[in-house]
Amino acid sequence: MKHSSLLDDIMAMDAIDTHTHLVGDHLCAEDFWKIADYFWLNRELQTAGYPPDAEKLPEEQRIDAFLKAYHSSRNTMMNIAFTTILKDLYGVELTDTASIRIADERIKASSKEEGWAQRVADRLHVRRFAVNHPDHALFEGMKHHALLFPRIDGWLPKLVLEVAQAEKREEALEQAKAHVQNRLQDYQDMGCPGIMTTLSNYEAAAHEQYALTADTSPDEIMFMLLHEVCAELERRGMFLQLFLGVERRWGSASAAPVNDSLRVLRLYGLFERYSIPFELVVASELNNLDVVQAAWNFPNVHVGGMWWYNFRASTYTQSMQYRLEALAPIKSSLIVSDARCIEWTYGKIHVVKRLLAGFLDELVAKGWIDREGALRCASEWLYGSAAKRYGIKEEGA
C-alpha cells in the first residue's frame with residue numbers, strides 16, 4: 001500500500017533558523033534587486049554569464065542580462081529558491097522585463113505593509129531566527145526578537161595576534177584571558193544562551209598541552225584561548241556554535257570550502273574536556289560525516305545546519321542519511337538560511353522542507369522507518385533539537 005507523502009505535514013511544522021544575517025530594523029527586501037542580488041543566487045547566475053558587476057549596468061541592460069542568466073540557470077538550487085520566493089510571496093513568474101517590473105512594484109509595496117515580515121515567517125512556521133550581532137536582534141514588527149548568539153571571531157583573532165606579537169607573552173596572555181572573561185560576562189548579562197565563532201584553517205589541536213614560549217605558534221595560542229573560552233562557557237552554562245570549513249587563504253577572489261580531514265578531529269580535546277553543548281556547522285562536503293562522527297562519540301556535540309557550499313540537494317540528502325543512521329534526532333538541527341532579508345529565509349527553508357519530505361518519504365516507502373518516526377525525526381531536526389539547546393521554553397513559539 002502506497003503511503004501518502006509527508007510534504008504537507010512537514011511544511012506545517014515549526015522551524016528555527018539557526019543562522020541569519022537579518023537586521024531587525026529592516027527585515028524586508030525593499031525592492032526586486034534586494035532579493036535578486038543575494039550573493040549565492042548571483043554566484044549561480046554568473047555560471048550562466050551574468051556579469052559580476054551587473055549593478056553598474058544601465059537598468060535595461062541589467063534586466064536583460066539578469067533574465068538571460070536566470071532562464072539559463074533554472075536548474076540550480078538558488079534559482080529554485082528564488083523562483084519559489086517570487087511565485088509564493090508575490091504571485092510572479094519571471095518571463096520578461098514587464099514581469100520584473102511587476103515583481104519590483106509588489107516587493108516595494110509589501111515591504112511597507114505592517115506585519116509583512118511576520119507573515120512571511122508564518123507561511124513556513126518559522127518561529128525563531130538567530131543573529132550574531134547585538135544591534136541586529138530587535139526584530140521590529142515580529143512576535144519575538146531574534147535569538148542572539150554573539151560572534152567572537154571579530155575579537156578572538158585579534159587577541160591571538162596581540163599575544164603572538166607581545167614582548168611579554170605571558171602578561172599578554174593573562175590580559176587576553178581577562179578580555180575573554182569580561183566579554184562572556186557581558187554576553188551572559190545580555191541573556192545570550194551561547195556564542196558563535198568561525199574557525200578557519202588551524203594546525204594545532206585541542207588535546208595537546210601547549211606551553212607559552214617565544215616559539216609558541218599563533219595556532220597554538222588560539223587553542224589556548226579556545227580552552228579559556230570553553231571553560232568560561234562551562235562556568236556560565238552557555239553553549240558554543242562553531243562554523244567550520246570555509247577558508248580565505250587561497251586567493252583574493254572568494255572564500256573556498258576546504259575538506260580538511262583533521263579539522264573536526266583537532267577539536268576533540270574541547271569536546272572531551274568541557275561539558276558545554278557544541279553545535280557544529282560545516283560548509284565543506286566531506287566534513288559532514290566528520291561532524292556526525294563527533295556527535296556520535298560525544299554526548300555534548302550536536303550537528304547543525306548546512307552552511308555555505310553545503311546548501312545543495314545532494315549534500316543535504318547525504319548529510320540527512322548520515323544523521324538518520326547514527327544519531328537520535330534530538331542531536332541534529334537542519335536549518336541555516338544565511339539570509340539577509342526575510343524573503344530569502346522563505347525561499348531557502350521551503351527548499352529544505354521539500355528535500356526533507358522527499359528524503360523521509362523514500363525511507364518510509366522502503367520500510368526503514370515508519371510514518372510516525374519520520375515525522376518525529378523531522379520535527380526535531382527542524383525545531384525541537386535547537387529549541388532545547390537554545391533554552392526556548394514557550395510552547396510552539
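Structure above, values below:
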{"read-out": "Relative contact order (%) - criterion: Cα under 8 Å, at least six apart; region: the chain", "value": "22 percent"}
{"read-out": "Tail weight of P(r) past 13 Å, computed on alpha-carbon pairs of the range 5-81, percent", "value": "74 percent"}
{"read-out": "Stokes-Einstein diffusion coefficient of the range 44-89, Kirkwood radius over Cα pairs, 25 °C, 0.890 mPa s, in µm²/s", "value": "224 µm²/s"}
{"read-out": "Percent of beta bridges antiparallel (DSSP, the chain, rounded to nearest 5)", "value": "10 percent"}
{"read-out": "Dimensions (Å) - the range 251-397, Cα atoms, principal axes, largest first", "value": "43, 38, 35"}
{"read-out": "Reference-scaled alpha-carbon Rg (2.2 N^0.38 Å with N residues) for the range 137-288", "value": "1.10"}
{"read-out": "Cα centroid separation - the range 156-212 against the range 78-107, whole Å", "value": "46 Å"}
{"read-out": "Calculated FRET efficiency for the pair Ser314/Asp31, C-beta based, R₀ 35 Å, to 0.05", "value": "0.60"}
{"read-out": "Solvent accessible area, Å² - His26, 1.4 Å probe, full protein context", "value": "100 Å²"}
{"read-out": "Dimensionless Rg/Rh of the range 69-165 - Kirkwood Rh, Rg from C-alpha atoms", "value": "1.15"}
{"read-out": "Burial ranking of peptide ranges 366-373, 242-249, 226-233 (average Cβ count within 10 Å, highest at the top)", "value": "226-233, 242-249, 366-373"}
{"read-out": "For Leu159, solvent-accessible area (1.4 Å; no DNA, RNA or ligand), Å²", "value": "10 Å²"}
{"read-out": "Shape metrics for the range 9-142, restricted to C-alpha atoms - Rg then Dmax, Å", "value": "15.7, 45"}
{"read-out": "Extreme residue, positive dipole direction of the chain, given options Ala256, Ala295, Gly367 (C-beta unit charges)", "value": "Gly367"}
{"read-out": "The range 172-230, Cα convex hull volume normalised per residue, Å³", "value": "84 Å³"}
{"read-out": "Computed lengthening from Asp215 to Asp8, 0.36 nm per intervening residue step minus Cα-Cα distance", "value": "68.6 nm"}
{"read-out": "Stokes-Einstein D in µm²/s, Kirkwood radius over Cα pairs - the chain at 4 °C with 1.567 mPa s viscosity", "value": "58 µm²/s"}
{"read-out": "Counting all C-alpha pairs of the range 120-204, share separated by more than 19 Å (%)", "value": "53 percent"}
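The values are calculated or read from the model by the stated rules, or taken from the named source; none is laboratory data. Computed from a predicted structure; not experimentally measured. Cβ sites come from the backbone with ideal geometry, for glycine too, and all protein chains shown count toward neighbours. Remember, those area values only see protein heavy atoms, side chains included, never the ligands or the DNA or RNA. Shrake-Rupley method; radii C 1.70, N 1.55, O 1.52, S 1.80 Å.
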